[in-house]
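Have a look at the structure below, then the notes.
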Amino acid sequence: MPYASLNPATNQLIQTYASRDARRLELALEQAHGAQQAWAQTSFARRAEVLRKAAQQLLAQRDHYATLITLEMGKPLREARAEVEKCATACDYYAQHGEEFMRADPVKSDAGKSYVAHQPLGVVLAIMPWNFPFWQVFRAAAPALMAGNALALKHAPNVPQCALAIESLWRDCGLPEGVFTNLMIEVELAADAIASPHVHAVTLTGSEAAGRKVAALAGQHLKKCVLELGGSDPFIVLHDADMEHTVDMAVASRFLNCGQSCIAAKRFIVVPQIGDEFLRQLKIKVEALKLGDPMDEATQIGPMARADLRDGLHRQISDSIAQGAQAVTGCKPLGGAGFFYQPSILDRVTAGMCAGHEELFGPVAAIIRAADEDDALRLANETRFGLGASIWSSDTARAERLATQIQAGCTFINGMVKSDPRLPFGGVKASGYGRELSRLGMHEFVNAKTVWIR
């Protein structure tokens, strides 16, 4: 089955691409392994030069790359531009700090000299999703390449033009052939790629189900892996929150990228004192969002990326309403061409409903009414996920105390959850394990080698 580039705003086929078979996959991985051996011997200055050139090209060709993103997965063009810019930031960050992060750490011991050296692992297989088709790849590639690894990309099948453009970009910036490889394989061949002796580690951003499969395969072959999976991030609004700012950030956090983000706020947990007012203001803001052609600069909500994703979201919402949730606004797909879904709010959601315990990967906010602050904390942790969380309160000291009790990989106070190259990113529980970004993310795919000298 070929890779297909389909415009989700029009349901029109753009182009199809043939995928690699098992023989061509193994040849590509063998080439990647050989290329990595040479790349690992290059200087940090040389690697940094390639990353800086990549940052420059991303910015110079920003509008071109943004258009590819919008055409293939439907996010508004202005959001796609911001995604490309963020990729450039990550490349610059690791170009600047990568050598420092890879420096040996001296350790006092019974030796005359001992230290921990950080050396590249080899070829990292990156299995990446469609929702941020540039950013997800670059946040894995920039630290891996700077560390001296090679990266073999198995991208989502609905964003082949983005995958090809990224591969071309690295080649244009002087990265040797094979150090970054776009595999263009069917999902069934991912197991072969993980099993290949030329692959040394795996990083996956995807669903919980995909994470379980990849973790099992990686474990079977004793390959290191990092998993960034789904989330159902709580957005906890306390009685003393700055309501106007909090509602603005609620809309931004939930409806960015049509709600198709693992770290989007998904469960809005409100205490009784402000629950009704929060909902009133949120409804006004959500109903004012402009839904339409993602190529239009005024559009705030584009289509969902695929028809099956839209239909699956509607089943979750319909089931939640049948279970007692209240439809406040939206909660229906739009007719006509394209995979559009109305910006939606569900109120009176409980943990037993689909909207309370499943990840809603689309433009719908689920409101959960807490009995009090302690109950809000309990509800926040009453999920199998643990990616991000946010707390909204004018008493930042109290919010910080609550943050220590949130079971998540990151907690933001009076700010929406986001990824930042300077900070480690990842989850706990069913949201995965391992970290991306920062020094910690770079060290996920290095050999921390002890050197002891008498």
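Each reported figure results from applying straightforward, stated rules to the coordinates on display, with no laboratory input. Being a predicted model, the structure only gives us computed values, none of them experimental. Note: ideal-geometry Cβ built from the backbone for every residue, glycine included; neighbour counts use all protein chains shown.
Between the amide H of Glu186 and those of Arg20, distances stay under 5 Å, these residues lying 5 or more places away or on another chain, with hydrogens modeled in the peptide plane. The label point for Gln326 and the one for Leu440, both projected 7 Å from the Cα toward the Cβ, are 4.0 nm apart. Quick one: go through segment 98-125 and flag any residue whose amide nitrogen is under 20 Å from the point 7 Å out along the Cα-to-Cβ line of Val187. Label zone hits: 125.
Partner aspartates and glutamates whose Cα lies under 16 Å from the Cα of Lys449, excluding those fewer than 8 positions away in the same chain, are identified as Asp105. Tell me, rounded to the nearest percent, the portion of alpha carbon pairs in segment 233-413 spaced more than 21 Å apart. Percent of Cα pairs beyond 21 Å in segment 233-413: 45. Note on Gln273 and Asp420: with the Förster distance fixed at 35 Å, the Cβ-Cβ geometry gives a FRET efficiency of about 0.60. Take every Cα pair under 8 Å whose residues are at least 6 apart in sequence, average their separation, divide by the length of segment 386-454, and the relative contact order is 28 percent.
Proximity of backbone amide H atoms, modeled 1.01 Å from N, is registered between Ser344 and Cys331, Val364, Ala365 at under 5 Å, excluding neighbours fewer than 5 places apart on the same chain.
Rounded to the nearest 5, what % of DSSP beta bridges with both residues in the chain are antiparallel? Counting only bridges with both partners in the chain, antiparallel ones make up about 35 percent. If you sort the three axes of the alpha carbon gyration tensor as a ≥ b ≥ c, you get a/c of 1.5 or more for segment 221-298 and a/b no higher than b/c, which makes it oblate. Annotation: peptides 90-101, 138-149, 412-423, 288-299, ranked by per-residue average of other Cβ atoms within 10 Å with the highest first, follow the order 138-149, 90-101, 412-423, 288-299. Within segment 1-155, the proportion of Cα pairs with more than 27 Å between them is 37 percent. With θ taken as phi - 60° and the Karplus curve 6.51 cos²θ - 1.76 cosθ + 1.60 applied, the whole-hertz 3J(HN,Hα) list for segment 417-433 is 5, 8, 9, 9, x, 7, 10, x, 9, x, x, 10, 6, 6, 8, x, 8 Hz, x standing for glycine and proline. Between Gln15 and Asp242, full extension at 0.36 nm per residue minus the direct alpha carbon distance yields a gain of 76.9 nm.
Cβ-to-Cβ counts within 10 Å put Trp135, Trp392 in ascending order as Trp135, Trp392, the fewest first. Scaling the Cα radius of gyration of the chain by the globular reference 2.2 N^0.38 Å produces a ratio of 1.00.
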